[in-house]
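Student: The structure's right below; bear with me while I get my questions together.
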Amino acid sequence: MELNSMGFIRGYMSKSYSNEEFIIHVGETIERQLQEWDEAYQVNIMKFKDYIFIVKKGDIDYRVDISEQSLAELQNKSPYSLDKRIWLELKNQGLEIKMGYGDYLHKVL
């Protein structure tokens, strides 16, 4: 199954979801994409002072910290701004991004 994303629905979500609901939805979307590449990927989101977004595959961890203010700004900027920030940070940390699995990553990156 290829992950396809409907921009209209995502736009609605970015405007109507709370910050926490939105980051959880984005996390679920990213996890589904990662699991299309390898089912061993897991995404965890923790909330302390800021949000900590963790991608785990075996012994490898990637971490993206997102402040509440940054989350709100990205959510309001565009429907895929938060996804883009996370994916680019994961890529900068060495995660290999594989294109060609649906249109989701093409909309994000």
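Student: Full extension from Lys98 to Phe48: what is 0.36 nm times the residue separation minus their Cα-Cα distance, to one decimal in nm?
Tutor: 14.9 nm
Student: Pick the calculated log10 I(q)/I(0) by the Debye sum over Cα atoms at q = 0.11, 0.12, 0.17, 0.24 Å⁻¹ for this structure from [x] -0.31, -0.37, -0.77, -1.55; [y] -0.40, -0.47, -0.87, -1.31; [z] -0.32, -0.38, -0.78, -1.42?
Tutor: [x]
Student: Before anything else, pin down the relative contact order of the chain: Cα pairs under 8 Å, at least 6 apart, normalised by residue count, whole percent.
Tutor: 30 percent
Student: So for the pair Ile60, Met13, with labels modelled 7 Å out along Cα→Cβ, what separation do we get in nm?
Tutor: Taking the two extended label points, one gets 2.5 nm.
Student: Please give the FRET efficiency for Leu109 paired with Glu68, using the beta carbon to beta carbon distance and R0 = 30 Å, rounded to the nearest 0.05.
Tutor: 0.75
Student: Using the Karplus curve 6.51 cos²θ - 1.76 cosθ + 1.60 with θ = phi - 60°, work out ³J(HN,Hα) for each residue of the stretch 73-79 in order, rounded to whole Hz, and write x for Gly and Pro.
Tutor: For the stretch 73-79, the Karplus curve yields 5, 5, 5, 7, 5, 6, x Hz.
Student: How large, in percent, is the carbon and sulfur part of the accessible surface of the stretch 1-92 at a probe radius of 1.4 Å?
Tutor: That fraction is 50 percent.
The values are calculated or read from the model by the stated rules, or taken from the named source; none is laboratory data. Please read all numbers here as calculations on a predicted model, not as lab measurements. Cβ: placed from backbone, ideal geometry, glycine included. Neighbour counts: every protein chain shown. Heavy atoms of the whole protein, side chains included, go into the accessibility calculation; ligands, DNA and RNA do not. Shrake-Rupley method; radii C 1.70, N 1.55, O 1.52, S 1.80 Å.
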